Structure formats: C-alpha cells, structure tokens
Amino acid sequence: MIVANPPYSLKWKPWTKDPRAIGGIAPQSAADWAFVQHMIASMDPKKGRAGVVLPHGVLFRSGQEGSIRKRVLDDDLLEAVIGLPANLFYSTTIPTCILVFRAPGTKTDERKNGVLFIDASKRFTKAKNRNILTDADIADVVTAYHTSFDTDGHPADPDGDGGLAARFVPITEIVQAGYDLNIGRYIKQSAAKQENLDTLINTYNLARAERQKTEKRMLDALAAAGIDGFDE
C-alpha cells in the first residue's frame, strides 16, 4: 500500500523513455502525474493500492496530463476521487483531493469500470491557522467509501454516508465527459445547490423590479394628489 502527499505541480525534468510513463509523459511544468505513474508501477500486481493527495488540476487539465488520465481510466486503475476542504495544509490554502488507485484487475466487482466520487469539501473545523478534518469527518468519508451503491450510482443506504455527497460513476459517463474528473460534474447534489442559488438570484431580481414599479406608481399617485416630500 502506498500513501503519499507529493509536492504539488512540481517543475521537473521529464523522462525521455521510461516504462512507468503509461499514457504519456507528464509536462515539465507539473510532475503530479509522474508521481502517480511511479506509484502505479510500484504497486503489488496482485493486491497493490495507492492513496495520493493532489491538487484539483490533475482532475481536468488537458494536454499530456489528459492523455495520461485517459490511459489510467481506460485501464480501470482509478477507484475513487475524494474532494477535500481548502486550507488543510500549512504550505498551501488550495483545496485538494485524494485519488485512490488499485493494481490492474484487482477492483471488486461492484467497483469495476467506474470511479467513486465523494465530496468532503465542506466537512472541516476551523482552527487557528488552518482547517482540520475531525475524527468524525474522517469516519464519514471512510463510511462513504465502503458503502454500496444502487444501479444509478447513488448510495444504497442514504443515511450511511454521514451526509456526504457520493456517487459511483460508470466509465461510459466519464468518457462522454472527455475524461474530465471534476467532482462537481458528477455529484448532482453540488450542482443542485448551484441551481438553487441561481434561482434565488433570479427571484430576487424579479421581486426587486416589481417593487420598483409599485413604488413608481405610488409616487406618481401621490404627486398627482399634490403630496410631495417623498424621495425616489
């Protein structure tokens, strides 16, 4: 088992020819996927696992990184993407994620040909200089990770994930999305919150416009009656 938190988007001297470079070679500007490729190559072929903390850019950046991500997904090596809160680390305030990998062909049947997404980005407690994950937050992530999912990819036991948004997404849907692993693309609960915000803004704007029309009619009526002293 490999557990790692490599330096984020480290500039490096890319490999020229290397058997670890499945799917391509990571760009000089960011060695994130090179670290992952090395870990995948280092996993035990029968029961190897890797959990890696990385910046969100690895989920959606295109170019060489997109090619590597495509190969990793086509080979069904990625088991889970777990979104973490911002400001967890002293060295950076950006939000991060955990990518969980399995050796080729070692996923359980219910996790094959897909990726589990868990959004824990709002589960934190503010401390003096940074945010922290409590034991309860960590336990809820673990519970969501081990839960079963129905045919639509939603938790079979909605109360068993500690309130975390989670979904198992089939590889076919990820392929249709261009191999983009952005968490908000797949967890509808997060998208619904954004839609609700848009609805509230639109409702407010309509109510504000209606109020302004009503006030104008009132002021016109008062002016016609010879009553002044009201400011628009």
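Per-structure values
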quantity	calculated
Highest-fluctuation residue, N129, N87, N205 considered, GNM on the chain with Cα pairs under 10 Å	N205
Selected from L206, A139, A221, residue furthest toward positive end of dipole (the chain; charges at beta carbon)	A139
The chain: relative contact order as a whole-number percent, Cα under 8 Å and 6+ apart	15
Summed side-chain charge close to A224 - residues other than A224 whose Cβ falls under 14 Å, Lys, Arg +1, Asp, Glu -1	0
A221 versus N113: modelled label distance in nm, points set 7 Å from Cα along the beta carbon direction	6.7
Kyte-Doolittle mean at least -1.0, axial Cα span of 20 Å or more - DSSP H helices of the chain	188-224
Mean ellipticity per residue at 222 nm, deg cm²/dmol - from DSSP H runs of n ≥ 4 across the chain, formula -39500 (n - 2.57)	-11500 deg cm²/dmol
Residue of I25, I94, I183 that the Gaussian network model of the chain assigns the largest fluctuation, springs spanning Cα pairs under 10 Å	I94
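No value in this document is a laboratory result; all are computed from the given coordinates. Note that the structure is predicted; figures quoted are calculated from it, not measured. Virtual Cβ from ideal backbone geometry, glycine too; neighbours counted across all protein chains shown.
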